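The values are calculated or read from the model by the stated rules, or taken from the named source; none is laboratory data. Bear in mind the structure is a predicted one, so any value in this text is a computation, not a measurement. All Cβ positions, glycine included, derive from the backbone under ideal geometry; neighbour counts span all protein chains shown.
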C-alpha cells in the first residue's frame with residue numbers, strides 16, 4: 001500500500017475511535033474500587049475468619065462472532081477474611097484492554113467444611129469498563145452454608161478447581177495466573193488429601209498435581225515452565241499440615257512419578273515428603289494412598305536404580321538396541337529412537353516388558 005493511501009486510512013481509524021463513547025477506550029492504568037464484605041455462617045450468623053477469597057477480572061478478545069477469542073486476566077489476587085469475618089480488598093491498579101469485551105468480575109469464596117460460593121456483578125450482561133471497576137455487593141453480608149451432603153460438597157470443590165484452572169488455561173494471554181493464587185491451590189490440595197486419607201474419594205485431580213506432573217513429564221518443553229518458571233520450585237515455599245494436623249511440615253519436597261505399572265493407563269503420582277516437628281518424624285504422602293513414615297527426606301525410589309542401569313546400557317551400546325540390554329529386558333524390547341536420545345534424562349524406557357516412566 002502506498003503512503004498516500006496509508007494516511008487517509010489512519011484518519012478514518014482515528015475518526016472511528018473518536019466516535020466511541022467516553023470511557024470505552026482507555027490506554028493507561030485504571031483503578032478497581034476497594035471491596036469490603038462480611039462473611040458469616042448461614043445458620044448461626046457468626047463471622048467466619050480465614051475464608052479464602054479469589055478475585056478475578058478478565059476481558060475477552062473480540063472476534064467476528066463477538067466471542068470465542070483469547071481472554072486476558074486483568075486482575076487475579078487472593079485474600080483471607082480477618083477474625084471478624086471481614087473481607088477487604090484494597091484498590092488495585094490494572095491495565096485495561098482497549099477494544100476487548102469486559103466480563104463481570106467474580107469472587108470465589110472457599111472455607112473447608114462449607115460450600116464454596118461464587119458471587120459477582122450481574123447488573124449488566126455486557127458490562128462497560130466503568131461497570132467492572134465497581135463491586136455491586138460492596139458492604140454486603142455473605143452467608144456460607146454447610147453442605148447438605150458430601151456429593152454436594154465435592155461438586156462445589158470441583159467447580160472451584162475448574163474456575164482456578166481457567167485463570168491460566170488456553171487461550172489466554174497469561175499462563176502464569178496460578179502463581180497469583182498459591183493459597184487457593186494449596187487449600188484444594190489439602191482437601192484432596194483429606195478425601196484420600198478418609199477414604200471418601202481415593203483418586204483426585206488437583207491443580208498442584210497437574211502442574212508438577214506436567215513439568216516432570218515434559219520438562220522445559222511444558223509451556224508454563226518456559227513462561228513462568230518451575231511450578232515445583234515455586235511451591236516449595238508452601239507446606240502442608242503434618243499427618244495429625246498439629247502443625248505445618250518443614251523441609252517439604254515434591255516429586256512426580258509417571259506410573260504405568262500399578263495403574264491402568266498413565267497415572268501421574270505426586271509424592272510429598274517433609275519433616276513434622278511435633279513427632280520429629282519424616283513423612284511421605286503418596287497421592288491417592290496416604291501417609292508413610294520415612295527414614296529421611298529422600299525422594300529416590302528403588303525403581304530409579306533399575307531405570308538408570310537400563311538407560312546406561314543403551315547409551316553405552318554402539319547399536320543402541322536390544323542386544324546391549326538383553327540381560328535387563330527379557331522380551332528384548334529396546335527404547336525408541338526418541339527415548340534412546342534422551343535416555344540419560346530418564347525418559348520413557350522399557351524394562352522387563354513394563355513401561356517405567358520415572359522423573
Apart from one, (1) at pLDDT 95 or above; (2) within 14 Å of residue 210 (Cα to Cα) all hold for residue 249; the odd one out is (2)
Those residues of segment 125-164 which are assigned to a loop (DSSP other than H, G, I, E, B) and touching a helix residue (DSSP H, G or I) at 6+ places or on another chain (Cβ under 6 Å) amount to 147
When segment 73-91 is examined, which residues are found to be assigned to a strand (DSSP E or B), surrounded by fewer than 19 Cβ atoms within 10 Å (Cβ to Cβ) and touching a residue at least 60 places away in the same chain (Cβ under 8 Å)?
77, 80
Matching residues, segment 98-121, being at pLDDT below 90 and either surrounded by fewer than 17 Cβ atoms within 10 Å (Cβ to Cβ) or under 21 Å from the mean Cα position of the chain (by Cα) (or both):
98, 99
